[in-house]
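The values are calculated or read from the model by the stated rules, or taken from the named source; none is laboratory data. Computed from a predicted model, the values in this text were never measured in an experiment. All Cβ positions, even for glycine, are placed from backbone atoms using ideal geometry, and neighbour counts span all protein chains on display.
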Amino acid sequence: MQQNKETQFRSRLLRVDTHLFTASRQGHTDTRRLSAASEASAVRRRQFIVNSGICMNRTQAGEHADMVALTGINGKTFDMERIDVETSLGTNEVWEVISAGMAHPFHIDGALFRILSTAGAPPPPHLAGWKDVVLVEDKAELLVAFNQPATRNHPFMYHCHILEHEEAGLMGQYTCT
């Protein structure tokens, strides 16, 4: 007959101060700069209108005169050969994202952002802190920190995080040099 062996698990509390580190491709990002970032630190302001064509008037011209674009950011569908935005490494920008017709989860590859406002109001407490995706139901203002390099040969993307919308062209590319 086999004896019962008692197994004992012990855990230790691991305390991690998440604002003290952020990994990057080339080591570690200086997150003291991230933590202290404010809207005043932005070097540029950009606007992105995200339109899936759902529940909207389809007024943007497509490739053919008799067809209209159903999706796009700022009136353009994704083009692998086009760089839509050029940013500078180590800078912050304010990105105003406007969602036309329906809510879009907006994601920025290779960058973190703070939500400055949603629909013109300060964000609720659960949206405080650094993010990489936000649900934009109307309009959101984001303070984007560009701390990872991205070249023309290997750009990052910003896009709607709904797979069908990404596939339909709700994406753009950016460099960070």
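Is it fair to say A121 is under 15 Å from the mean Cα position of the chain (by Cα) and farther than 23 Å from G53 by Cα? No; evaluated as a whole, the condition is false for this residue.
Here's the yes/no breakdown for (1) aliphatic (A, V, I, L, M); (2) within 19 Å of S41 (Cβ to Cβ); (3) loosely packed, with under 14 Cβ neighbours inside 10 Å; (4) touching a residue at least 60 places away in the same chain (Cβ under 8 Å):
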{"residue": "E81", "(1), (2), (3), (4)": "no, no, yes, no"}
{"residue": "V94", "(1), (2), (3), (4)": "yes, yes, no, no"}
{"residue": "S117", "(1), (2), (3), (4)": "no, yes, no, no"}
{"residue": "W130", "(1), (2), (3), (4)": "no, yes, no, yes"}
{"residue": "L170", "(1), (2), (3), (4)": "yes, no, no, yes"}
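Strands (runs of 3 or more DSSP E) fully within the range 95-177 that include at least 3 residues being farther than 24 Å from E81 by Cβ and in contact with a Phe, Trp or Tyr (Cβ under 8 Å, 6 or more places away or on another chain): 112-118, 133-136, 139-146. Of everything in the range 132-151 that is of a type in the set (A, V, I, L, M, F, W, C) and touching a residue at least 60 places away in the same chain (Cβ under 8 Å), the residue that is nearest to I49 (Cα to Cα) is V136. Given the criteria touching a helix residue (DSSP H, G or I) at 6+ places or on another chain (Cβ under 7 Å) and either of a type in the set (S, T, Y) or at pLDDT below 80 (or both), does S52 qualify? In short, yes. Identify all residues within the range 83-92 that are crowded, with 20+ Cβ neighbours inside 10 Å and part of a loop (DSSP other than H, G, I, E, B); write none if there are none. Hits for the range 83-92: nothing passes.
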